[in-house]
Structure formats: C-alpha cells, structure tokens
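The values are calculated or read from the model by the stated rules, or taken from the named source; none is laboratory data. Predicted, not measured: the structure shown is a model, and the values here were computed from it. When we count neighbours, we look across all protein chains shown, and the Cβ atoms used for this are built from the backbone with ideal geometry, even at glycine.
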Amino acid sequence: MPPTFDDLLLRARSLVTGGQRAILGIAGGPGAGKTTLAGHLVRALNADGPPWVAHVPMDGFHLADAELERLGRRDRKGAPDTFDAAGYAALLRRLRETPADGEVVYAPAFERDLEQPVAGSIPVPPSARLVVTEGNYLLLREGSWAGIRPLLDEVWYCEVAEPERVRRLVARHVEFGKEHTAAVAWVMGTDQRNAELIATTRDRADLVIPPSVLPGPGRG
C-alpha cells in the first residue's frame, strides 16, 4: 500500500533528531513531480509555527550557458556533466555541519525565465533543522555525484507514468519559450536520455513515491 501524504510528513519529521540538521533528498526523472512534492512538504511542515524547513533545489548548480558553450555541452544542458556536482556536495556538507547557533547559509537558485543559475538566492537560516533538496541525480553513482547520497538522511524517488511525464515536460518547455516542435524534440532527445539514466538509480532510494500521493499536478 503506498504511503499517504500524511505518512510522508511524519516520516520527514522523524528525520530530525537530537537537534541535528537533517537533509531529505527527493530524486526522479525530469517532470516526475520532485519540485511539486518538495513544495508541498515544506509548506505543510512549516504551517504550524515558525519555519523550520528549507527547500534547496539541486538545479541552482546548473553551469551557466557561457560555460556550457565553452565546454561544448550547451546542446545537452541538463545532463550530469552540465552541473557543478562537487559544488552541490560542498553546499550539502556545509548545511549538515552548520550548528543551530551558526550562520545563514546561502544557496543558488535556478531562474527558469532566464534558464540560468542565480547565486545567493536561497537563505537557509540556522533555525532550518530540515532541508529538503530535490534533483535528478541525487542517487547517481558516477563522478562527483557519488558523494551526494552519503550526505542525505533519506532519498525518496518520485515515479510517474512515462506518457504523463513526457506531457508535463513538453508543456514546461513551451511555457518557458520553446516552440512545440522544438520542445518535443528536446524532451525525446536530451531529456529522455537523462530520464533513462535516472531510472537506473531508483533502487538506491529509501522510498518510491507514486503520483497518487502528490496533492496536485507534478513539476520537477
């Protein structure tokens, strides 16, 4: 029997023990609903008092387009080697090690209107005892990505039927400026190759989240 959303809230709360900051990862393919689930979790957990949960997406570690052009990787933006995985690991390590009376930690965000990362956009105050981070490659075993999983207390994997995932992705690319034909080509090319790689990491997750758990249409 799949978990309910209330089950997920209880499980997330249980990760924070002894005053130590915990980090919950949410993985899954493009369009599987990672961002939607993370957003609902953070809002629900923060609803009953002072905010104690922060949301830090992996997407802030996209390499800038200028660097992708220099590296010859612009045409496959979103692949594992188009992110600063080592930088992401360093941020997660810093988040884990910052004490309750420590400093604010700033994380980068990804601005979809610009399709670019923006440094210092997400403040994580010392009062945030749980950080929810989500992204495609949290469970990848290759290169610098292999250092991510040990920094996460749990990783949940969002799973959705392929036709729905593809539909969401095409709609997203159109929303942010691509022509429909170009959006379909990108989704069935670059995005699909990434999704197939991500699917091979599913078995490393602590929990698989079916789409029925999400309160609304998925994004992420």
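Residues that are in a helix (DSSP H, G or I), at pLDDT 95 or above, among the acidic types (Asp, Glu) and on the phi < 0 side of the Ramachandran plot are absent from region 131-141 altogether. Can you name the number of the only condition in (1) closer than 19 Å to Glu97 by Cα; (2) part of a loop (DSSP other than H, G, I, E, B) that Val160 fails? Condition not satisfied by Val160: (1).
Within region 203-211, is there a residue that is modelled with pLDDT under 75 and surrounded by 19 or more Cβ atoms within 10 Å (Cβ to Cβ)? Checking region 203-211: not a single residue is modelled with pLDDT under 75 and surrounded by 19 or more Cβ atoms within 10 Å (Cβ to Cβ). Among the helices (runs of 4 or more DSSP H) confined to region 1-117, the ones with at least 2 residues that are surrounded by fewer than 16 Cβ atoms within 10 Å (Cβ to Cβ) are located at 5-14, 65-71, 85-97.
Of the set (1) at pLDDT below 95; (2) within 20 Å of the chain's Cα centre (by Cα); (3) not basic (Lys, Arg), all apply to Pro2 but (2).
Within region 153-196, can you find the residues that are of a type in the set (A, V, I, L, M, F, W, C), surrounded by fewer than 14 Cβ atoms within 10 Å (Cβ to Cβ) and modelled with pLDDT of 80 or more? Residue satisfying the conditions is Ala161 alone.
Residues in region 146-157 that are more than 20 Å from Ala109 (Cβ to Cβ) and outside any loop (DSSP other than H, G, I, E, B): Ala146, Gly147, Arg149, Pro150, Glu154, Val155, Trp156, Tyr157.
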